[in-house]
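To start, the structure under review is shown below, and the notes come after it.
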Number of protein chains: 2
Amino acid sequence: ARPKVGYLYSGNNGVNIISEQIRKTRVSDIKSIPVIVDEQTSLYDGIVALFLEDVGSIYVVSKGYLTGVVSRKDFLKSIMGGMEIHKVPVGLIMTRMPNIVLTYPHETALEAAIKIIEHEVDSLPVVEKEIIGGKELFKVVGKISKTNIARLFVELGRQ
Amino acid sequence: ARPKVGYLYSGNNGVNIISEQIRKTRVSDIKSIPVIVDEQTSLYDGIVALFLEDVGSIYVVSKGYLTGVVSRKDFLKSIMGGMEIHKVPVGLIMTRMPNIVLTYPHETALEAAIKIIEHEVDSLPVVEKEIIGGKELFKVVGKISKTNIARLFVELGRQ
């Protein structure tokens, strides 16, 4: 066990050391199930998925590995730009790898939150890396959004 | 000064009592400047404001007082429903008072975060109440979104 330094905890009134909990909570503890579609999915079907699942962004895969992210903002921008939503595939408007900010199950919630704030993104795909034929590929195993961070904040604050 | 109970703080390595900070931080300490439009603003102009300011929702006022909230999701839904974005005003699609979840400058960040999570909204207008002719009216003085909460989480966690 790591030595506790910097404070002494009398442990008698239910106050937890939240500073430690902020640092200990892992991405795997708070991640959500992502909505995942194929690159060939039309903008229309992508938007329908967004509404049915009530999420702000969806992840795009090809052959099972992450290739892109599409957000409400991307969809809105495409429509405003006059794109034909029944014909254009999400692959055409998504933010594409390697320009996606990723997180991993073992990272801390704090590290994920820092990435969200610094890169100004709504969510991070939680991925597991695989090396196949010398190439790095990423399996999507979850999603961390500002909602997960706000929920954790509420949980810690309520203790 | 309030007595500190439940823990002893050695005070020598910069670890702050974050549990207390979570409860002490006020909405007024972390609020953002909201984007505000008039009820007559067209959906098109509302969407342009959303993109120019890069926000997820905008607030609607009439005679200086809050009447509605419109989000990216509302705009996307209206367009999908075939609305004529150059003709329809935001007043027609917005979530209208009294169905808006509000927060106040003196509320804590934790209280605001709880409202965001429990009501599943993206942001809360920060308002000041005025009673005029026996009616409650609300001046918009800020905005609290999940981004503000995530930013506070990062700030507290980094200490």
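Which residue, B:Pro34, B:Pro89, B:Pro98, tops the fluctuation ranking in a GNM of chain B built on C-alpha contacts under 10 Å?
Its mean-square fluctuation being the largest, the pick is B:Pro98.
Test of understanding: in a Gaussian network model of chain A with alpha carbons linked when under 10 Å, which of A:Tyr44, A:Tyr59, A:Tyr104 would top the mean-square fluctuation ranking?
Looking only at A:Tyr44, A:Tyr59, A:Tyr104, the largest GNM fluctuation is found for A:Tyr44.
Where in chain A lies the longest segment free of GluC sites (Glu not before Pro) that are both loop residues by DSSP (not H, G, I, E, B) and have at most 11 other Cβ atoms within 10 Å?
A:1-83
Pick from B:Gly56, B:Gly133, B:Gly81: which residue has the top mean-square fluctuation in a GNM of chain B where Cα pairs under 10 Å get a spring?
B:Gly133
If the cut-off is a Cα-Cα distance under 21 Å, which lysines reach A:Lys24, setting aside same-chain residues fewer than 8 apart in sequence?
Filter leaves A:Lys4, A:Lys115, A:Lys143, A:Lys146.
What lysines could a cross-link reach from B:Lys139, if we take a straight Cα to Cα line under 18 Å and drop same-chain neighbours fewer than 8 places away?
B:Lys31, B:Lys63, B:Lys129
Note the direction-averaged projected area, equal to a quarter of the hull surface, for the Cα convex hull of segment B:27-158, in nm².
Computing the convex hull of the Cα atoms and averaging its projections yields 8.6 nm².
With +1 assigned to the C-beta of every Lys and Arg and -1 to the C-beta of every Asp and Glu, and no other charges, what is the dipole magnitude of the protein assembly as shown about the Cα centre in debye, to the nearest 20?
The calculation lands at about 860 debye.
Considering only B:Ala150, B:Thr67, A:Val121, whose Cα is most displaced toward the positive end of the charge dipole of the protein assembly as shown, charges sitting on Cβ of Lys, Arg (+1) and Asp, Glu (-1)?
It is B:Ala150, whose Cα lies furthest towards the positive end.
Return a whole-number percent for the relative contact order of chain B, with Cα pairs under 8 Å and 6 or more residues apart as the contact set.
Rounded, it is 27 percent for chain B.
For the protein assembly as shown, just the Cα set please: Rg and Dmax, both in angstrom.
21.8, 74
Quick one: dipole size for chain B, taken about the Cα centre, charges +1 on Lys/Arg Cβ and -1 on Asp/Glu Cβ, in debye to the nearest 20.
440
State, to one decimal in nm and shortest first, how far the label point of B:Ser28 sits from each corresponding label point in the other identical copies (label point: 7 angstrom along Cα-to-Cβ).
Relative to the other copies, B:Ser28 has label-point distances of 4.5 nm.
Find the chain A residue whose Cβ sits closest to the rotation axis that carries A onto B, and give that distance in whole Å.
Closest Cβ on chain A to the axis mapping it onto B, in Å: A:Lys146, 2.
Run down the aspartates and glutamates and flag those whose C-alpha is under 19 Å from the C-alpha of A:Lys87, throwing out any fewer than 8 positions away in its chain.
A:Asp38, A:Glu39, A:Asp45, A:Asp74
Rank A:Gly56, A:Val88, A:Leu76 by how far each Cα sits towards the positive end of the charge dipole of segment A:18-158 (+1 on Lys, Arg Cβ; -1 on Asp, Glu Cβ) and give me just the farthest.
A:Gly56
Using alpha-carbon positions, what is the distance between the centroids of segment B:93-145 and segment A:43-81, in Å?
So the two Cα centres are separated by 30 Å.
Just so you know, all these numbers are worked out from the coordinates, no wet-lab data involved. Nothing here was measured: the structure is a model prediction, and the numbers come from that model. Quick reminder, even Gly has a Cβ in these numbers, built from the backbone with ideal geometry, and neighbours come from all protein chains shown.
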